[in-house]
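The values are calculated or read from the model by the stated rules, or taken from the named source; none is laboratory data. In this text the structure is predicted, and so the values were computed from the model without any measurement. When we count neighbours, we look across all protein chains shown, and the Cβ atoms used for this are built from the backbone with ideal geometry, even at glycine.
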Amino acid sequence: MDQRVPEVSASRPASAASRWGVLRPFVKFEQRLGERAARSRTGAIAYEFLRFGVKQGWACLFGAIMLALLMATHLWYPKTALLARYDFLFLSAVAVQALMLAGRLETFEEAKVIFIYHIVGTVMEVFKTAAGSWIYPEEAFFRIGGVPLFTGFMYASVGSFIARCWRLCDFKFTGHPPLWPVMALALAIYINFFSHHYIADTRWLLIAASCALFSRTWIYYKVWRQYRRMPLLIACSLTTLFIWLAENIGTYTRAWVYPSQMQAWSLVSFSKLSSWFMLLIVSYALVALVARPENMPSEEADQMPSN
């Protein structure tokens, strides 16, 4: 990842925040704050780091709300309530989604990704719970089989994060493969989540294929005034780690549990990192299907920073 200090320019590129209506009033304030920070090298570094954290927090908004709801209901939701906890989580997720759209905290493009991923995630959940991979120990009215419907939103939060990051950091690419092999790989991964219960698990072959397909792919992303770059595979690996950490929070709240956690909570197996990496590739493919990534022209790429 490029760690160079941003080059401060007199020009002011359009802020990604202006793409969300609710943030537009803060754009000019942010520009003034940035101008002050840019007066020193230390200030510029600190400000870009702060901006990166804020952008990541904004990208995680939907997922962070869902995790907060899991924690809050685990700690304080009345066990005698007429509405089951899982149903409260589902209705809350629907309300949050509606409020984010109404308040323009989320775009319809992002909502489209969430809807697609909700379906993809729920179908897999129904199969996995029937196969005994994990269970949802509480009752629910809004459910399909043994799967409460709030779970689709947990999967969708991953797609939401990628879509929001894409918009916030104005992703550009070099070495990105055509969309058709990306979708073919995602389909093969998705099928393996089902088929490995009956035939050989090909996850390591699929992970190797993912590494080969994206080995030359770099994401160029803008935190402040200058583009940075990172290998796509590194970005996916870091995101996988944070999803695994979030899953530990989910199982701690007993929103779902693995067979090994039935008696008492324990850390989710590190082997799940491979599963989440593969699922992240599926998530990326779904977002890419909507965002349509394109490689930069060579002359534009030559002007971008290099490590």
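Considering only residues that are over 21 Å from the mean Cα position of the chain (by Cα) and either surrounded by 15 or more Cβ atoms within 10 Å (Cβ to Cβ) or closer than 13 Å to Phe150 by Cβ (or both), which ones fall in segment 42-75? Result: Ala44, Ile45, Tyr47, Glu48, Thr73, His74.
Of all residues in segment 137-170, those satisfying the criterion of being of a type in the set (Phe, Trp, Tyr) and assigned to a loop (DSSP other than H, G, I, E, B) are Phe141, Phe142, Phe150. Within segment 117-136, the set of residues being assigned to a helix (DSSP H, G or I) and surrounded by fewer than 17 Cβ atoms within 10 Å (Cβ to Cβ) comprises Ile119, Val123, Val126, Phe127, Ala130. Residues in segment 230-261 that are part of a helix (DSSP H, G or I) and in contact (Cβ under 8 Å) with a residue 12 or more places away in the chain: 19 in all.
Residue-wise test of (1) basic (Lys, Arg); (2) modelled with pLDDT of 95 or more; (3) surrounded by fewer than 16 Cβ atoms within 10 Å (Cβ to Cβ).
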residue	(1), (2), (3)
Met154	no, no, no
Ser157	no, no, no
Ser160	no, no, no
Trp166	no, no, no
Trp204	no, yes, yes
Ser210	no, yes, no
Arg216	yes, yes, yes
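Residues in segment 274-307 that are more than 20 Å from the chain's Cα centre (by Cα) and of a type outside the set (Asp, Glu): 10 in all.
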